[in-house]
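To start, the structure itself, in structure tokens.
The values are calculated or read from the model by the stated rules, or taken from the named source; none is laboratory data. If you're wondering where the values come from, they're calculated on a predicted model, not measured in any experiment. Note: ideal-geometry Cβ built from the backbone for every residue, glycine included; neighbour counts use all protein chains shown.
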Amino acid sequence: MSLPKHVRLVEVGPRDGLQNEAQPISVADKVRLVDDLTDAGLAYIEVGSFVSPKWVPQMAGSAEVFAGIQQRPGVTYAALAPNLRGFEDALAAGVKEVAVFAAASEAFSQRNINCSISDSLKRFEPIMQAARDHGVRVRGYVSCVLGCPYEGKVNAEQVAPVARALHDMGCYEVSLGDTIGTGTAGDTRRLFEVVSARVPREQLAGHFHDTYGQALANVYASLLEGISVFDSSVAGLGGCPYAKGATGNIASEDVVYLLQGLGIETGIDLDRLIAAGQRISSVLGRDNGSRVARARSAR
């Protein structure tokens, strides 16, 4: 299979990235980050999450962030809305696209959200109905698609029915997430081969963590399988909560550098993206997690 000519990046730094950072961050700094990402040419930015601040304190103020950002036409500004209350809050904030998430691992589902996979999917039904009623698009995530911190290796056959269920409920796209970053290129190719028998490849995305240093290899393996949408996080924001001290999300800068080297269009200005990552890393008082950004800044 030939490589895609164009790839869309789903920038998850302001949500999936920041929610795993220990350092508190102000609404103003979150707004600046989203605006910087918009200026860099990102066409899809996950801005925040409408969940209880008691459970995810870094996502407090998501409504204020949505009110403060400069929304550019043609750019999707999305939010995570794991329950109906979250969806209603997102709707009130003017959000036009939300995301929901399920797990491919029963143990992870029980530990993470205190219910089975099937029960978690049932919880999404009122969200999907409300989304249809209000013309809001819904994107689905499946976590632990290649490995689970409690069960170990996860087989592609476990992932396919969960992805299919989200697709059948009305998710226009399903992102498959290697939450603990243990997957390899061979595992990744087989994952998409199996899942694409249940959900069309053009409605699948890859979400890779770099815990074992395999994320870029997994992106390339996915490209070979015809996948053209990837989640990534500017400056590699977000640790991996299940592997102490390990890196988390793949850095957007590193993915863009790879894609540029392959002649694949993204519409993203790498220099501006690097600047955005450097600014938020400075705010957080942490090292930039992007190897490309570190190499460029050392020149």
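Asp210 passes every criterion in (1) farther than 24 Å from Asp35 by Cβ; (2) touching a residue at least 40 places away in the same chain (Cβ under 8 Å); (3) of a type outside the set (A, V, I, L, M, F, W, C); (4) surrounded by fewer than 16 Cβ atoms within 10 Å (Cβ to Cβ) apart from (4). Among the residues of the range 1-57, those identified as free of Cβ contacts under 8 Å to residues at least 60 places away in the same chain, surrounded by 18 or more Cβ atoms within 10 Å (Cβ to Cβ) and of a type in the set (S, T, N, Q) are Thr38, Ser49.
Please go through the range 23-47 and pick out each residue that is under 15 Å from the mean Cα position of the chain (by Cα) and either modelled with pLDDT under 95 or among the β-branched types (Val, Ile, Thr) (or both). Across the range 23-47, the qualifying residues are Val34, Ile45, Val47. Under the condition of being closer than 23 Å to Gly213 by Cα and free of Cβ contacts under 8 Å to residues at least 60 places away in the same chain, which residue from the range 278-288 is surrounded by the fewest Cβ atoms within 10 Å (Cβ to Cβ)? Looking at residues that are closer than 23 Å to Gly213 by Cα and free of Cβ contacts under 8 Å to residues at least 60 places away in the same chain, I get Asp287. A count restricted to the range 1-22 and to residues that are charged (D, E, K, R), in a loop (DSSP other than H, G, I, E, B) and under 18 Å from the mean Cα position of the chain (by Cα) stands at 1.
Select the helices (runs of 4 or more DSSP H) contained entirely in the range 83-182, then report the ones holding at least 2 residues which are without any contact (Cβ under 8 Å) to a residue 24 or more places away in the chain and either among the charged types (D, E, K, R) or more than 30 Å from Gln214 (Cα to Cα) (or both). Spell out the reasoning first.
Values: elements: 84-92, 106-113, 117-123, 125-134, 156-169.
Qualifying helices (runs of 4 or more DSSP H): 117-123, 125-134.
From the list Ala67, Ala60, the lone residue that is among the aliphatic types (A, V, I, L, M), surrounded by fewer than 20 Cβ atoms within 10 Å (Cβ to Cβ), within 29 Å of Pro149 (Cβ to Cβ) and more than 18 Å from the chain's Cα centre (by Cα) is Ala60.
Among residues of the range 246-266 that are free of Cβ contacts under 8 Å to residues at least 60 places away in the same chain and buried (at least 24 other Cβ atoms within 10 Å of the Cβ), those with a beta-carbon under 6 Å from a residue that is part of a loop (DSSP other than H, G, I, E, B) and of a type outside the set (Asp, Glu) at least six positions away or on a different chain give the pairs Ala251/Gly289; Ala251/Ser290; Glu253/Ser290. Taking the stated definitions as given, is Phe192 within 24 Å of Asn249 (Cβ to Cβ), part of a strand (DSSP E or B) and in contact (Cβ under 8 Å) with a residue 24 or more places away in the chain? When the stated conditions are applied, Phe192 does not pass them. Being out of contact with any strand residue (DSSP E or B) (no Cβ under 9 Å at 6 or more places or on another chain) and modelled with pLDDT under 95: is that true of Pro57 here? It is true that Pro57 is out of contact with any strand residue (DSSP E or B) (no Cβ under 9 Å at 6 or more places or on another chain) and modelled with pLDDT under 95.
Find the residue count for the range 277-298, including only residues that are more than 22 Å from Gly206 (Cβ to Cβ) and either aromatic (Phe, Trp, Tyr) or in a helix (DSSP H, G or I) (or both). Steps first, answer last, please.
To start, the set of residues in the range 277-298 that are more than 22 Å from Gly206 (Cβ to Cβ) comprises 278-288, 294-298.
The next check asks that each one be either aromatic (Phe, Trp, Tyr) or in a helix (DSSP H, G or I) (or both); those that pass are 278-284, 294-297.
Qualifying residue count for the region: 11.
Every condition in (1) farther than 17 Å from Tyr220 by Cβ; (2) within 19 Å of the chain's Cα centre (by Cα); (3) among the β-branched types (Val, Ile, Thr) holds for Val194 except the one numbered (2). Of the listed requirements (1) closer than 20 Å to Ser175 by Cβ; (2) touching a residue at least 12 places away in the same chain (Cβ under 8 Å), Glu64 misses just one: (1).
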